[in-house]
Amino acid sequence: MSSIVTTKFKKYFKKNLTILFHNVVLQLILTIIFGASILQYIGVLNDILLYKIQIWKIIVFLVLFCLTSFVILYVISKKTYEITRFGLLWKITLIKNKIINLRGPFCYYCDCDISHTLENITHSGGALVCPKCQNKYSINATTIKKIKKDIKQIIDSDLKSNKVLDIMWLFYNFDHGSFRIKNKGVFGITDLNIHVSTNISQENKEVGEYYLGNIAPLESKTLEDNIAKDLKESLVSSNLISIFSLEIPKIIENYYGEEQTVYDTSEYIRAKKDFELILFIDLTYKLEKKQKKQRSRFLLNFSLKDWKAYDYDKLADNCYFKLQKID
């Protein structure tokens, strides 16, 4: 009997001694790698392995930890925006760039929720009236449903595509024109940079880089820098055009009533042949903290004037030029 007890005791002692040895070695290795702070976690692990901490408590802790993490991530990533579309105010909630909720419509003037008044108007065209400020909207319930669907599509497109900016370039000549960019999306964009280059006879050439900053939703912003002037210098350096300058005298009367001669300098374009080039407008900007890129192409065509057939004033450009947006 005593031999049996002794044998069991030896087996128990050997088993626990082995576990102790493994734990000591593990603690030593982890302490060397991670430092002394890991010891407190090893202690908790030992308690779990030796069943000093009940399993159900661990499960409850893990569930609560996951739920808390989910709530924190939800609050951090949740964003609410107010947008104006079709004369009405709408409020959207996004989580990780996905539409969670779309509320509205709200009155544009007093922010009153007028969605509940939809039941009081007919589908045949009855006016939607704000109960607070009595402002009327020429819209019906059927249209509201369609508008909600359209707004969701617009928001989804803005978040996924790179086509929220529209370029409007009015090119009168190389000294006069307007380069304007409109934000047609529902989100504001920041850090808008413009890079312009050309492609002439399959050769790329830089024109310039420009900064336009931030543009709010549905806002248009005009670039103060004259891209056309930089383009003119690029074409001159490529030997495609030359500039004919002429000083024209002009007599004016100064402050004391005395006549004096001043000179106005005029510049005229002299194209050497008919040609066309492609202008690449590369836009980089941030939308919802994500870097976006957008490219548009313009075709600029030069065609020589037939001065033999027509009596043109030689103090003029010797060519026509036409700017056309490709995409």
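Tabulated values for the structure
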read-out	value
Out of D274, D317, sole residue that is among the charged types (D, E, K, R), touching a residue at least 60 places away in the same chain (Cβ under 8 Å) and either under 30 Å from I155 (Cα atoms) or assigned by TED's automatic domain parsing to the domain that holds I189 (or both)	D317
Residues of the range 105-128 that turn out to be modelled with pLDDT under 80 and not in a helix (DSSP H, G or I), as a count	8
Identity of the residue in the range 274-316, surrounded by 11 or more Cβ atoms within 10 Å (Cβ to Cβ) and assigned to a loop (DSSP other than H, G, I, E, B), that ends up modelled with the highest pLDDT	D274
Tally, over the range 189-225, of residues that are in contact with a Lys or Arg (Cβ under 9 Å, 6 or more places away or on another chain) and either of a type outside the set (A, V, I, L, M) or not assigned by TED's automatic domain parsing to the domain that holds D274 (or both)	12
Qualifying residue in the range 238-249 (condition: modelled with pLDDT of 85 or more and at positive phi)	yes
Odd one out for N140, checked against (1) surrounded by 14 or more Cβ atoms within 10 Å (Cβ to Cβ); (2) at pLDDT below 90; (3) outside the structural domain of T93 (by TED's automatic domain parsing)	(3)
Any chance E253 is more than 30 Å from P217 (Cβ to Cβ), among the charged types (D, E, K, R) and loosely packed, with under 10 Cβ neighbours inside 10 Å	yes
Leading residue by the ranking (nearest to R270 (Cα to Cα)) among those in the range 159-169 that are touching a strand residue (DSSP E or B) at 6+ places or on another chain (Cβ under 7 Å) and surrounded by 13 or more Cβ atoms within 10 Å (Cβ to Cβ)	W169
Matching entry among S234, S197, S242 (being free of Cβ contacts under 8 Å to residues at least 60 places away in the same chain, closer than 25 Å to L279 by Cβ and assigned to a strand (DSSP E or B))	S242
Number of the exception - N199 against (1) surrounded by 13 or more Cβ atoms within 10 Å (Cβ to Cβ); (2) in contact with a strand residue (DSSP E or B) (Cβ under 6 Å, 6 or more places away or on another chain); (3) closer than 24 Å to R85 by Cβ	(3)
Residues being closer than 23 Å to A316 by Cβ and surrounded by 15 or more Cβ atoms within 10 Å (Cβ to Cβ) - total across the range 170-187	3
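The values are calculated or read from the model by the stated rules, or taken from the named source; none is laboratory data. Model, not experiment: these values are computed from the prediction. As a convention, Cβ positions derive from the backbone with ideal geometry for all residues, glycine included, and neighbour counts pool all protein chains shown.
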